[in-house]
Structures are given as C-alpha cells and as structure tokens.
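I have placed the structure first, in the form of structure tokens, so that the comments after it can refer back to it.
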Amino acid sequence: MKSGKRQKQLGSLFVNGSLFLLTLVWTIPTMGIFVSSFRARDDIANSGWWKVLPYRDWQPVREIDPREAGLNPDEIMEIEGVAGTFDEFRAGIETPDGERITWIGNKRIGRLEVQERVWTVDWNFTLDNYKQVLGGQSFTFTRPDGTVQVVPGDNMSGAFLNSLSVAVPSTVIPILIAAFAAYAFAWMKFPGRRGMFIMIVALLVVPLQIALVPILRDYKALNLNGTFLAIWLAHTGFGLALATYLLYNYISTLPRDILESAFIDGASHFTVFTQLILPLSVPALASFAIFQFLWVWNDYLVALIFLGGNPEFELVTQRMAAIVGSRGSEWHLLTAGAFVSMALPLLVFFSMQRYFVRGLLAGSVKG
Amino acid sequence: MNFLNGTKEPSDSPGERVLFFIGRLLLAVSIPLIAFYVLYLGFIFLRDSHAPRGIITVVAIVWGVGGVALLYWVFNNIVEKLPDLWTNRLLPFVFVGPAMAILGWYLAIPTLRTFWLSLFGRDGPPAGLNFWEQLASPAFVGLNNYVAVFTERLMLEAFRNNLMWIIFGSTLSVAFGLVIAVLADRSRFEKVAKSFIFLPMAISFVGASIIWNFIYEYRPAGQAQIGLLNAVVVNLGGSPQAYPQWVSIAPWNNLFLIVIVIWLQAGFSMVLFSAALKGIPEELLEAGRIDGANEFQIFFRIMVPYIRGTIISVWTTIVIFTLKIFDVVWVMTGGQFGTHVIATQFYRQSFTNRNSGFGSAIAIVLLIAVIPVMFYNLKQFREQEAF
C-alpha cells in the first residue's frame, strides 16, 4: 500500500514535471521577444535577453594601483596570492578565496580591480521601442520632377489600421454569406441543392494557390487590384466553403418546430433567418469568426498578391516581413513590432478561448 | 420592410390598383438603384481617398459589412414582391446564390482556368483567339510545364523539402500534441499548461518567423551571443551557426524551419486529442490497470487505438497544411540555402518570374496532391444519410 502511494507521487511528479518542461519550452520563444521588446536598443544588441533573470557577474569591490604595489607589467606579477603575466591579468585571474583580479586599461596607466561575484539583473526597461515602431515619423522625399512629397505615417500604426480594415469585413462578409447559404441548404427545397452542397464539400480542401493567378488576372481586368474590396472578396472566396459547411452542420441541427411555428405565424424566410436563426447560431458564428479573423489577420500570401502593389494599404504582416527583409538586425524594432502585430489576435484568442476550442472541435481547419 | 409589404393589400378601384402597381414598381426599381449607388460611392471613396487612416478604417468596415447586408435585404425585397409562386422559386437562390457565385468564381472555375493556363507558355494563351485557335497557337506547350515541374533542379529540391516538412512536421506535431494532451489530462495544471501550449496558434507565421529568427540569431564567435540557441551551443563549447542558413548540413537545415511549424501546430493537435482522450470510457482504462498494464501499455494499447480516427484526421490536416507551407520559408530564408518548398516555387514562378504556365502547373500538382482527401471527404458526406 505504502509503495503504491509513493509510486503515485512519483508518477504525479513525472507528469507535472514533464508538462512544466514542455510548457516552458513552448513559452520561451515568445518570452524572448516579449522581454526584449522592453529592453533598450543597445542592451538587445549586446547581451542576451535572459540577462533580465538574476545571474552572477563580476562587480568591482576595490582597486589597487599597480605602481604603488610595485608591479611591473612586463614581468610576471604577483599579488594577493596569485601570479601571472600582463595578458593573464587582462583576462582576469581568480584568487583562491573566490575573488578575481583584473587589469583594466593599458600597461602604462592601467589599474588592478579586485572583483567579487555577485547576483545581478539587467532591468533597464523602456517603452522607446514601441514609440519608435508606432510613432509616425512622416517621410519626405523629392520626386524626379522636383516636387517634394510627404508620405504620412508609413508605420506600424497605419499598418495596424489597414489590417483592421481588411480583417473585420473579411470576417463578417463570409459569415453572413455563408449563414444565408447554410440556412437555404438546411430549410429550403430547391433544385440543385444536393449538387451545390457536394461542390462545397469538394472545395473544402482545394489549395488557394490554384486561384491566385486567374483571380489576379480578373482583378487587373476589372481594375480592382490593390483595393480593400478585392482582398475582402478573396478572403471571402477562400473561407466560404468551410464557413458554409460548418454553419450548415450547426443550423441543420436547430429544432424544426421553432421554425415551423414561426412560418405558421406568417413570418417570411428573411424574418426567420434574421430574427431567429442568426441569434440562435451565435456560438457557431463566433467560433468560425475567431478562426477567420485570426486567419485573415495573420495572412501574408493573399495580401502580398492582391494588395502587394499598393504600399498605402500595407498590412502588419507585410510591414513586419518588410522590416525583416530590410532591417533584419534591428531587433528593437522587430521585437516591438512583432508584439504590436500579435496584440490583437492574442487578445481575441484569450478572451474567446472557449469558442476557439469549440470551433477546432467542429472542424475549423482551412483547406 | 413592413411598409413595403403593406403595398400588397388589394384595393377596390382599378385606378388605385394601377397607382399601387406603379408605386411598387418605382420602389422595386429605385431601392436597388439607390443601394447600388451608395455602394459604388463607398467603393470609389475607399479606392481614391487619402483621408486619415482611422476614417478609412471605419468607412471600410461599415461599407463592407453593411453593404453585403444591404444587398441581401434589397434582393429579398425584390423577390418578395413577386407573385408567391415566383417568390418560392427564386428566394432560395437569393439565399444560396451569392455563396455559390463567389465559390464558383474564386475556387471552382479557377481550377479549370489554372489547368488551362498550365498548358501554355509563360504568357498564357494568346488573347482574342477562340478555343481551337489557342490550342493551335505556338503558346500551347502541352504537358511541357509538367515535365519541367518534375525535372527542374529547384523543383526537385522543393519536393524533397516538402517531403521533409510532411514527414517531420506533421508527425512531430501529432506526437507532441498527443504527449502533451495525455500529460495535461492527468495534471492539476491542465488549463494553464494547455493555454500556454496553444498560444502560438494565434501568432502569424511572419510573427513566428521573427520569434524564431531571434532564437537563431547569429553573432561571430567571441562576441556575446544574443540568440538563445547559439548562446547555449557556445556555453556547451560548440561554435555558433546561422542555423536556417547553414548550407553545409543541407537538407537538414530545413529542420530549423520545420521546428517553427511544430511549435505552432502542436497546440492544434493537442486540443483535438485532449477532447478525444476525454471520450475514452474510464472503465476501459480501469480494466487495463486491473489487468496489470503499466501506463505505457495503457497509452499504446488502449488510448492510441481508441483515438486512432482522431489521430488520422489531425495528421491529414497537418499534412495538407505543411504541403502548402509558404510564409515561414518566404520570410526566414526566401527559399535560399536549399529551403525552397512547393509553395515558394509557385510564388517565385508565378509572380517573380511571371511564368504563369509553370506556376499554374505547380498549383495543379498541389491540387492533385490533395485530391485523395477530397474524395475521402465526399465519401464521408455520401455516407451521412440525412441531407
């Protein structure tokens, strides 16, 4: 009995220990960026972000003037029980009692520092990185014809608003269209119903790469390329099959008698849909909405192709990729920028985690 | 809406009837016209205006979302004004029509158009010719693009790398997800741990690329390493490397990119496995324990077979996902250093080289690769009797 209890404790230790380790491994990458985004530019460039954790470093406790101590840097020097050449002292020699003696400066006017190992942290936090990445310095340049043009706010906050202008309609439009279609599939009889639904099922996994070239041609012919409408419609087209499929699965399970009593009362399909079905479907709508929102907000490829030609409408993902490409070692901009781009999805994700999980379980995975 | 329906009331005198009819007609015509005009104005404003971003954002959201709702409302109104027989006939298509039109335009028809493009040279079929003339034109190259897809050096490299992505990326995502789900199921800290593990799912590939670039950040030996991996390696006595760009170990440098997707996708598989594990009847596990099975035997002999269906579907999903992987590679290496994958080749051919024939052939190859899953989905759908 006793060994059984012990085994159980050991097992629980193993389970919680490994889980903790895995969680740590999964968190550290994000943590590194997050911590760094608050460190000063020079700190990021010169030391690892983990220096915000306590670490042991040599700190000077007192100084010795080598001339007073009668030391000649060109010979082997002996002091406080250690001996070494100038170069060895330059690198620092540890004494038996745990101190370190280091030569600071050059041979002629240098001094000896006695250092002790102490615990220390680098807590030099600042918000400057965020100010730089968000603050809209306007950008003035002279055109070839001599006119001066000022481009306002080519910065992350502009990109953030652009992403919002793309993501919100690209989330709501497909849901609305899909909900109408799902309602029709679930509650109306019409010729071609089964065939149309089979088409939706077949299109679930079609890779969107298949559509990019033809759609870009259409957009160029219609002069739509680089507009919000173009990218809303593209995201709608690529998300619609899944949205219709999921919403149909939900709407078709709603109890039939509620609807029938509404129809007996003389309600039209449109009224039933807007007054009854939409409110009842909120859980399904919300879980798909989260997915579509995250998908659109985080999308890079679709924006690159349909908005790529219009720098005014640059989205956060494009902005970040551009900074990686042009200033990949400016970590103070990259870390803060990455967090700005992640702020909204993380907020949505954490505040609606329940719906997110429900959506995953219902099959919210894009083809 | 009610005042519009109110016009349906019959009236006695023929003169009034005519007036009502004209009124209805005017309403039926003018409402859609006004609606379309408003929508058009919104479109022009968004395309050409240089108003402050905040205003553009608000207008865009209101116009985009409101516009679609308005269109449905307008069409519904028009159809409801028709005689009942026609209302019943047409209304389903008002509801389902936009969805089918958009799906047709954006996915169904493009598969055919892309296939057609893939049979032609870099500029596609010459404009202004009919079907047969296009076939006879010198731009028609038959299956040559497909031959190139399967013989060009960079394409072969991309296929090899994608295979690595599929093998390592999907298998390890599934393995980690499963292990974490099982561990979390037995821990008091289940909720917290799961939140942290699937947090990366909310992060974009571009963001994830930055996060991992920072881990892989390289400084020459002797300088302080600010990338975590190199700091660890140097502390253990190794020499620092720029991992994703480490050509001398190619193709294994791809693994440093694949890790990113494992990091992103393990949360997804964990959530699905976690739910599936909760569905295993407790008696089944208890019976196994009474029979003397240890925890590993219970995992491999009871749990894994029980949730096999979930494992297969999660694995398939991640395979499809890794098949189309683009952003991570494009941002991290741009496909250099032996890291091209099919989707980056597709992008490079279609949009950088502007070789629409070659690019389209790659897209068709991607489509063919997912066709088994498409058939499986259709089979599943046919087996559900109620539709």
*Can you find even one residue in segment B:100-108 that is under 18 Å from B:VAL365 (Cα atoms) and either of a type in the set (S, T, N, Q) or within 25 Å of the chain's Cα centre (by Cα) (or both)?*
yes
_If the requirement is being touching a strand residue (DSSP E or B) at 6+ places or on another chain (Cβ under 9 Å) and closer than 22 Å to B:GLY222 by Cα, which of these qualifies: A:ALA69, A:ALA83, A:ALA45, A:ALA91?_
A:ALA91
*Considering only residues that are more than 9 Å from chain A (Cβ to nearest Cβ) and within 21 Å of B:VAL328 (Cα to Cα), look in segment B:186-232 and name the one that is nearest to the chain's Cα centre (by Cα).*
B:TYR216
_Residue under evaluation A:PHE38, criteria (1) more than 27 Å from A:TRP331 (Cα to Cα); (2) at pLDDT 80 or above, criterion not met_ = (1)
_Here is a list: B:THR322, B:THR333. Which entry is buried (at least 20 other Cβ atoms within 10 Å of the Cβ), among the hydroxyl-bearing types (Ser, Thr, Tyr) and more than 28 Å from B:LEU117 (Cα to Cα)?_
B:THR333
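Is at least one residue of segment B:13-35 of a type in the set (D, E, K, R) and facing chain A (nearest Cβ under 7 Å)? Break it down stepwise before answering.
Filtering segment B:13-35 down to residues of a type in the set (D, E, K, R) leaves B:16-17, B:24.
So of that shortlist, the ones also facing chain A (nearest Cβ under 7 Å) come out as none.
Checked against the condition, which is being of a type in the set (D, E, K, R) and facing chain A (nearest Cβ under 7 Å), segment B:13-35 yields no hits at all.
Could we say that B:LEU172 is in the same structural domain as B:ALA343 (by TED's automatic domain parsing), assigned to a helix (DSSP H, G or I), over 23 Å from the mean Cα position of the chain (by Cα) and touching a residue at least 24 places away in the same chain (Cβ under 8 Å) here?
Details: in the same structural domain as B:ALA343 (by TED's automatic domain parsing): yes; assigned to a helix (DSSP H, G or I): yes; over 23 Å from the mean Cα position of the chain (by Cα): no; touching a residue at least 24 places away in the same chain (Cβ under 8 Å): yes.
Judged against the criteria, B:LEU172 is not a match.
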*Collect the residues in segment A:208-229 that are within 16 Å of B:LEU107 (Cβ to Cβ) and assigned to a helix (DSSP H, G or I), keeping them in residue-number order.*
A:GLN209, A:ILE210, A:ALA211, A:LEU212, A:VAL213, A:PRO214, A:ILE215, A:LEU216, A:ARG217, A:ASP218, A:TYR219
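Let's see how each residue does on (1) of a type in the set (A, V, I, L, M); (2) closer than 25 Å to A:ASN298 by Cβ; (3) more than 27 Å from the chain's Cα centre (by Cα):
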| site | (1), (2), (3) |
| --- | --- |
| A:PHE228 | no, yes, no |
| A:TYR248 | no, no, yes |
| A:ALA262 | yes, no, yes |
| A:SER268 | no, no, yes |
*asked:* As an exercise: evaluate A:ILE44 against (1) within 14 Å of chain B (Cβ to nearest Cβ); (2) of a type outside the set (Asp, Glu); (3) surrounded by fewer than 14 Cβ atoms within 10 Å (Cβ to Cβ) and give the number of the one condition it does not meet.
replied: (3)
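Could you list, in sequence order, the residues of segment A:182-225 that are among the aliphatic types (A, V, I, L, M) and over 30 Å from B:ILE325 (Cβ atoms)?
Looking only at segment A:182-225, we keep the residues that are among the aliphatic types (A, V, I, L, M), and these are A:182, A:184, A:186, A:188, A:196, A:198-206, A:208, A:210-213, A:215-216, A:221-222, A:224.
Answer for segment A:182-225, where residues must be among the aliphatic types (A, V, I, L, M) and over 30 Å from B:ILE325 (Cβ atoms): A:ALA182, A:ALA184, A:ALA186, A:MET188, A:MET196, A:ALA221, A:LEU222.
Among the residues of segment A:250-259, which ones are more than 10 Å from chain B (Cβ to nearest Cβ) and closer than 17 Å to A:GLY359 by Cα? Quick ask: steps written out before the conclusion?
Kept after step one, since they are more than 10 Å from chain B (Cβ to nearest Cβ), are these residues of segment A:250-259: A:250-251, A:253-259.
The answer is A:TYR250, A:ILE251, A:THR253.
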_Residue under evaluation A:SER37, criteria (1) of a type in the set (S, T, N, Q); (2) touching a strand residue (DSSP E or B) at 6+ places or on another chain (Cβ under 9 Å); (3) touching a residue at least 60 places away in the same chain (Cβ under 8 Å), criterion not met_ = (2)
*Would you check if B:ASN144 is of a type outside the set (Asp, Glu) and away from chain A (no Cβ under 14 Å)?*
yes
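Name the residue, out of B:PRO14, B:PRO32, B:PRO10, that is surrounded by 12 or more Cβ atoms within 10 Å (Cβ to Cβ) and at pLDDT below 75. Walk me through it before giving the result.
On the way: B:PRO14 fails: surrounded by 12 or more Cβ atoms within 10 Å (Cβ to Cβ); B:PRO10 fails: surrounded by 12 or more Cβ atoms within 10 Å (Cβ to Cβ).
None of the other options fit; the residue is B:PRO32.
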*Does segment B:98-133 hold any residues that are exposed (fewer than 15 other Cβ atoms within 10 Å of the Cβ) and at pLDDT below 85, and which are they?*
B:ASP123, B:PRO126, B:ALA127, B:GLY128, B:LEU129, B:ASN130, B:PHE131, B:TRP132, B:GLU133
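Test of understanding: among B:ARG308, B:ARG301, which residue is loosely packed, with under 14 Cβ neighbours inside 10 Å and within 26 Å of the chain's Cα centre (by Cα)? Let's see the steps before the verdict.
Values: B:ARG301 fails: within 26 Å of the chain's Cα centre (by Cα).
That would be B:ARG308, the only listed residue that is loosely packed, with under 14 Cβ neighbours inside 10 Å and within 26 Å of the chain's Cα centre (by Cα).
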*Index of the failed condition, A:GLN9 passing every other in (1) farther than 30 Å from B:PRO220 by Cα; (2) more than 12 Å from chain B (Cβ to nearest Cβ); (3) at pLDDT below 80*: (3)
*A:PHE228 vs. criteria modelled with pLDDT under 85, under 18 Å from A:VAL172 (Cβ atoms) and crowded, with 21+ Cβ neighbours inside 10 Å*: yes
*asked:* So in segment B:235-291, with the set limited to residues that are in a helix (DSSP H, G or I) and of a type in the set (Ser, Thr, Tyr), which one is surrounded by the fewest Cβ atoms within 10 Å (Cβ to Cβ)?
replied: B:SER248
*Which residues, counting only those in segment B:95-134, are assigned to a loop (DSSP other than H, G, I, E, B) and at the interface with chain A (Cβ under 9 Å from one of its Cβ atoms)?*
B:GLY124
*Looking at segment A:260-274, which of its residues are surrounded by 11 or more Cβ atoms within 10 Å (Cβ to Cβ) and within 14 Å of chain B (Cβ to nearest Cβ)?*
A:PHE263, A:ALA267, A:SER268, A:HIS269, A:PHE270, A:THR271, A:VAL272, A:PHE273, A:THR274
*The lone exception for B:ILE298 - which of (1) over 21 Å from B:THR111 (Cα atoms); (2) of a type in the set (A, V, I, L, M, F, W, C); (3) in a helix (DSSP H, G or I); (4) in contact (Cβ under 8 Å) with a residue 60 or more places away in the chain it fails*: (4)
*B:THR151 vs. criteria β-branched (Val, Ile, Thr) and either in contact (Cβ under 8 Å) with a residue 60 or more places away in the chain or within 14 Å of chain A (Cβ to nearest Cβ) (or both)*: no
*Tell me, yes or no, whether segment A:12-28 has at least one residue that is outside any helix (DSSP H, G or I), surrounded by fewer than 17 Cβ atoms within 10 Å (Cβ to Cβ) and more than 18 Å from the chain's Cα centre (by Cα).*
no
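The values are calculated or read from the model by the stated rules, or taken from the named source; none is laboratory data. Everything numeric here is computed off the predicted structure, so don't read it as measured data. For neighbour counting, all protein chains shown are included, and Cβ atoms are generated from backbone atoms with ideal geometry for every residue, glycine included.
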